[in-house]
Structure formats: structure tokens, C-alpha cells
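Single-structure report; data block below.
The values are calculated or read from the model by the stated rules, or taken from the named source; none is laboratory data. Please read these numbers as outputs of a predicted model, since none were measured by experiment. Counting neighbours? That spans all protein chains shown, and the Cβs are built from the backbone with ideal geometry, glycine included. Keep in mind that these areas ignore ligands, DNA and RNA; they rest on the heavy atoms of the full protein, side chains included. Shrake-Rupley method; radii C 1.70, N 1.55, O 1.52, S 1.80 Å.
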Amino acid sequence: MTKIYHSFVVAIAILVAGCAASANKHSELYKFPDLQEVSSIDNFRMNGWEYIDKYSLFINSGPKKSYLVIFNGPSNDLKFAQRLQVSSKLGRVEVGFDNIVVGDNPDIKYNIKRMYLIKDKEEKKAIKQQILAFDDKNKK
């Protein structure tokens, strides 16, 4: 009986370690030291959004103002969403406090983990390629 229990504990420990390593890989990918990280966006008005993957998206907040938004967890609903809402308080969106709501269901929401200001279209394209390359590598 003790051997079975011991084997079970070891199997659980290996499973947890594997999950932690995978989560750590994703956490490291979504850090961009070359980008300007922001803790909030004042006077926020969403003019559109672009899906990148289940952990991130771009939000357009003006004609030439975009932000890379990273979620705390994966959003399997976002890829096919027709509607997106960003919670805010008095026009201010804050990391760790506000959420992305997918579709019409307020129960499907994702907490904002990080936000980065995107300078231009070239930077936006490069970041998207970097994230998608990471996703492609992990699917194999």
C-alpha cells in the first residue's frame, strides 16, 4: 500500500512540475523588455482589436495608438469572438484590475496581466510574429 501511495505522490509531483514548466515558458514569452510597459491607459476608447493568440491581443485606442494586452490565462473563446469589451473605471484601464469580456457573456472574462504601448505597425507586426512563432514551436 505504501509503494502505491509513494508512486502516486511521485506521479503527481512530476505532473505539477511539467505544468509549471509550461506555464513558465508562456510567462517568459509574454515579457517584452524592449517595449514600453504601461500599468494603465487613461481616457481609454477602444477603436478595434486584433487577436494574436489565446494569451494576447492588440487593442487599438486611436488612429495611431495600439496596446499589446496579455491575459493571466488562456482565452479559447477569443479567436472566434464577434464582440469584445474592456472594463474600465472612469475611462481608465488598469493592469491587474480590469478585464477583457468576450462576447455577450459577462461571466467569460480574462484579467489583464500586462500591457505594452506599441509604437508603430512594424513593431506590431514583429511582436505578433514572435508570439506566433513561439506558439508554432510549442505545437510540435
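Numbers for the structure displayed
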| read-out | value |
| --- | --- |
| Cβ charges +1 (Lys, Arg) and -1 (Asp, Glu), total dipole of segment 42-100, debye | 180 |
| Solvent-accessible surface (1.4 angstrom probe) belonging to GLU28, in square angstrom, nearest 10 | 100 |
| Burial order of peptide ranges 65-71, 45-51 (average beta-carbon count within 10 Å, highest first) | 65-71, 45-51 |
| Relative contact order, percent, segment 59-117 [alpha-carbon distance under 8 Å, six or more residues apart] | 39 |
| Accessible surface, segment 60-129, averaged per residue in Å² (probe 1.4 Å) | 60 |
| Given LYS65/LYS119; LYS89/LYS124; LYS31/LYS65; LYS54/LYS121, the pairs whose alpha carbons are separated by over 18 Å | LYS89/LYS124; LYS31/LYS65; LYS54/LYS121 |
| Förster-model FRET efficiency, 30 Å R0, ASP34 and LEU84, C-beta, rounded to 0.05 | 0.65 |
